[in-house]
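Please read the structure below before turning to the comments.
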Amino acid sequence: MAIRVLIVDDHAIVREGLRTLLSEEDELNVVGEAINGAEAIGMIAIHRPDVVLMDLMMPIMDGVEATRRIRQQTPTSHVIVLTSFRDDQLVQDAIRAGATGYLLKDVLKADLLSAIRRAARGEPVLHPEAQAALMRQASAPPSPLQGLTEREVDVLRLIAQGHSNREIADTLYLTEGTVKGYVSTILSKLNVQDRTQAALLAVKHGLGK
C-alpha cells in the first residue's frame, strides 16, 4: 500500500518541487497540499496522511502548533519537519510538539525518501544538526521557567513586555484580581522579589520577544 503524504509549505515552488520529486516514487502518494498549518489541520481528517512534510515558518498557523494539533487529532499521521531553520529552540519545540523527524531543506533526495518511509513506520529521523541541537538542550541547565503553567507563561511574557496588570487582564480576558494572583504565584515559583526581576529573568530565557 502506498504511503500517503501531505505537503505543507507556504511557498508554491517548494510544494511543486516536493510533489514532482515524490511522484516519481511508486510507493508514495501525495494526497494533498496546504499553504499553512491551519489549512493542513483541515485536510488531515479528509486525507488521513501517513506522513506530513511540515514547514515551520508559515502565516496564520506555524508548523510547531500545526504539528501539535495534528498529533492530537490523528496520532497515526507522522510529521516530518522540513525547514531551512537550524535554531536549537525550534528543534526542541518541534520535537516536543510530536514531530517524528526534523530535516533541513538541503536534504538529499535519497535521505528524504528514506525519512518518509521510516516516519511512516513511526521511526524517528533527525538531521545531524537537529541531533546536535537536542544534545545541547539536554546538557544545558534546566530553565527556571519550566515549572510555570502555560497560563503563567502567558502572564510572564506580558510582564516582560512591560504591560500592567490591567493590560494583561484585558489581553488574556481575565480579571485584574486573577492576574494579581498569577503574578504572585510566578514571583514565588521563580524565587524573585518583584515583577522587574521576573521580567529580566523572562527576557534572559527568551520569553520577552
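Quick notes on this structure:
- Nearest-ten-degree value, helix 37-47 long axis tilted from longest Cα axis of the chain: 50
- Rounded to the nearest 500, the 222 nm mean residue ellipticity of the chain from helices alone is -16500 deg cm²/dmol, with -39,500 (n - 2.57) taken per DSSP H run of at least 4 residues.
- Pairs of Cα atoms nearer than 8 Å and 6+ residues apart set the relative contact order; for segment 3-139 it is 21 percent.
- Note on Arg166/His205: beta-carbon distance plugged into 1/(1 + (r/R0)^6) with R0 of 30 Å gives a FRET efficiency of 0.75.
- Evaluating 6.51 cos²θ - 1.76 cosθ + 1.60 at θ = phi - 60° for every residue in segment 196-207, the Karplus couplings come out as 5, 5, 5, 5, 4, 5, 4, 5, 4, 9, x, 9 Hz, glycine and proline recorded as x.
- Ranked by the mean number of other Cβ atoms within 10 Å of their residues, highest first, the peptides 69-75, 22-28 come out as 69-75, 22-28.
- Residue-wise HN-Hα couplings along segment 175-183, as the Karplus relation 6.51 cos²θ - 1.76 cosθ + 1.60 with θ = phi - 60° gives them from phi, are 7, 5, x, 5, 4, 4, x, 5, 4 Hz; Gly and Pro carry x.
- With Cα atoms defining each centre, segment 10-24 and segment 173-209 are spaced 45 Å apart in the structure.
- A cut-off of 5 Å between modelled amide H atoms, ignoring neighbours fewer than 5 places along the same chain, links Ile3 with Leu28, Asn29.
- Counting Lys and Arg as +1 and Asp and Glu as -1 over every other residue whose Cβ lies under 10 Å from the Cβ of Glu33, the net charge comes to -1.
- Computed from backbone phi with θ = phi - 60° and the Karplus coefficients 6.51, -1.76 and 1.60, the 3J(HN,Hα) list for segment 78-83 is 9, 9, 10, 6, 10, 9 Hz; x is used for glycine and proline.
- Judged by the gyration tensor of its Cα atoms, with axes a ≥ b ≥ c, segment 1-121 is rounded; a/c sits under the 1.5 cut.
- Long-range HN-HN contacts of Tyr102 with modeled amide H, under 5 Å: Val81, Val125, Leu126, His127
- Sequence-distant aspartates and glutamates (8 or more away, or on other chains) whose Cα lies within less than 13 Å of Lys109: Glu24, Glu25
Throughout, read-outs are computed from the coordinates displayed, never taken from laboratory work. Given the structure is predicted, the values throughout are model-derived calculations rather than measurements. No Cβ is skipped: glycine too gets one built from the backbone with ideal geometry, and neighbour counts run over all protein chains shown.
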